[in-house]
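Notes for the one structure printed next.
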Amino acid sequence: MSKRIGLPVTLKMRHDAHYVETLTSFSGASIGRMIPIDKIRPNPDQPRKHIGDVRELADSIRQKGVLEPLLVRYMSGEDAYYIISGERRYHASQAAGLHELPCIEKIADDAETLELALIENLQRKDLTAFEEADGLQRLADHFDYTHDDIAKKIGRARSSVTETMSLRLIPADVRKACVDNGIATKSLLLQVARQPTEKKMREIVQRISQGGLTRDEARQARKEETAAAPRPQPFVFNFQAEDGTFSVRLQFRKSHVRDEELAAALRMVLRRIESGSFSSSAA
C-alpha cells in the first residue's frame with residue numbers, strides 16, 4: 001500500500017479561523033507569522049563573516065516582498081527573536097525599509113540552534129572557502145562529529161569535507177596573504193594547504209599571486225619537490241601513565257599535527273570505546 005501524503009486524516013481544508021492552529025499542533029511549531037523587524041536579532045554564531053552586498057536582494061524585496069520566511073528562535077529573557085537562518089534576508093529587508101518580516105518560530109536549545117544555523121549556511125554556495133572550513137570545524141568541535149557525520153548532515157561526500165577542513169592547516173598570516181592577493185578558489189587554496197612548511201606556503205602564495213602558477217602547475221611542483229625530498233616521518237604521540245599501568249601510542253600518516261587535531265583524534269577513539277563499537281584484545 002502506498003504511503004498516504006498530504007493533510008492529516010482528521011483534517012480537511014476549510015475556511016476555519018482555527019485551521020492553522022490545529023495543523024500547528026501536530027508539528028509543535030508555528031506555521032509562520034509576521035514579526036516586527038525591531039524584535040529580530042542577528043545570529044551571533046553566523047558562519048558567514050561578511051554578509052556581502054545586499055542591494056540587489058533589497059531591490060527584489062521592495063518589489064516582491066520576502067518570499068522565504070526566516071527561521072527564528074524566541075528568547076524570552078530578551079523578548080526578542082534570534083535568527084537561525086535568513087540573515088541576508090534580514091539585512092536586505094532592513095535596507096528595503098520593511099517594518100515586519102515573515103518568520104517561522106523554531107523551539108530549539110542552544111546546541112540545536114547552533115547546529116541548524118551552521119548546517120543551513122554550509123548548504124549554501126556563497127560562503128568563502130575559509131568560512132566554509134571554519135563552519136565545518138565548529139560542527140566537529142561543538143558536537144564531536146566525525147567527517148562522515150558532517151558529510152551526512154550537509155549532504156556532501158566525506159572526501160569533500162576532509163579537503164575543505166584541511167584549509168585550516170593554513171596559518172592565519174598566510175590565510176590573510178591569500179585573501180589580500182585574491183586567492184579564493186578551493187583548488188588553489190588546497191595546493192597552499194598541502195605544502196609541508198609555512199615557508200613553502202608563503203612561496204606558493206607569492207607565485208600564484210604573481211600569475212606564475214596555475215592549480216595544475218602548483219600540483220606538479222609539489223609532486224616534484226616531494227619526489228626529490230626525503231620521505232617525511234609520521235607524527236607519533238606517546239603517552240605513559242605515571243604509575244606505569246598503561247601507555248598510549250597514536251600514529252598519524254602526516255608528519256605535522258596540531259594540538260587540536262591530536263585532541264580530535266583522541267576524542268574519536270574515546271567515542272568509539274564509549275559506544276561499544278571498539279573491541280579490545282590482548283597483544
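The values are calculated or read from the model by the stated rules, or taken from the named source; none is laboratory data. None of the values given here were measured: they were computed from a predicted structure. Neighbour counts are summed over all protein chains in view; Cβ atoms, including those assigned to glycine, are modelled from backbone coordinates with ideal geometry. What goes into the accessible areas is simple: the full protein's heavy atoms, side chains included, and nothing from ligands, DNA or RNA. Shrake-Rupley method; radii C 1.70, N 1.55, O 1.52, S 1.80 Å.
Assess whether residue 130 counts as being of a type in the set (Phe, Trp, Tyr), within 28 Å of residue 56 (Cβ to Cβ) and touching a residue at least 12 places away in the same chain (Cβ under 8 Å).
Criteria met by residue 130.
Give, as residue ranges, the helices (runs of 4 or more DSSP H) completely inside the stretch 149-242 that count at least 2 residues that are open to solvent by 50 Å² or more (accessible area, probe 1.4 Å), at pLDDT below 90 and under 17 Å from residue 255 (Cα atoms).
Result: 215-228.
Considering only residues that are among the hydroxyl-bearing types (Ser, Thr, Tyr) and out of contact with any Lys or Arg (no Cβ under 7 Å at 6 or more places or on another chain), which ones fall in the stretch 170-209?
Passing the criteria: 185, 197, 209.
Residue-wise test of (1) modelled with pLDDT of 85 or more; (2) of a type in the set (S, T, N, Q); (3) buried (at least 18 other Cβ atoms within 10 Å of the Cβ).
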{"position": "33", "(1), (2), (3)": "yes, no, no"}
{"position": "40", "(1), (2), (3)": "yes, no, yes"}
{"position": "53", "(1), (2), (3)": "no, no, no"}
{"position": "61", "(1), (2), (3)": "yes, no, yes"}
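Run residue 91 past the list (1) in a helix (DSSP H, G or I); (2) modelled with pLDDT of 90 or more; (3) open to solvent by 50 Å² or more (accessible area, probe 1.4 Å); (4) touching a helix residue (DSSP H, G or I) at 6+ places or on another chain (Cβ under 8 Å) and report the number of the one that doesn't hold.
With respect to (1) in a helix (DSSP H, G or I); (2) modelled with pLDDT of 90 or more; (3) open to solvent by 50 Å² or more (accessible area, probe 1.4 Å); (4) touching a helix residue (DSSP H, G or I) at 6+ places or on another chain (Cβ under 8 Å), residue 91 is out only on (4).
If you check residue 27 against the conditions, is it modelled with pLDDT of 50 or more, hydroxyl-bearing (Ser, Thr, Tyr) and farther than 22 Å from residue 127 by Cβ?
It is false that residue 27 is modelled with pLDDT of 50 or more, hydroxyl-bearing (Ser, Thr, Tyr) and farther than 22 Å from residue 127 by Cβ.
Regarding the stretch 107-116, can at least one residue be identified that is open to solvent by less than 40 Å² (accessible area, probe 1.4 Å), of a type outside the set (A, V, I, L, M) and in contact with a strand residue (DSSP E or B) (Cβ under 7 Å, 6 or more places away or on another chain)?
Yes, the stretch 107-116 has at least one match.
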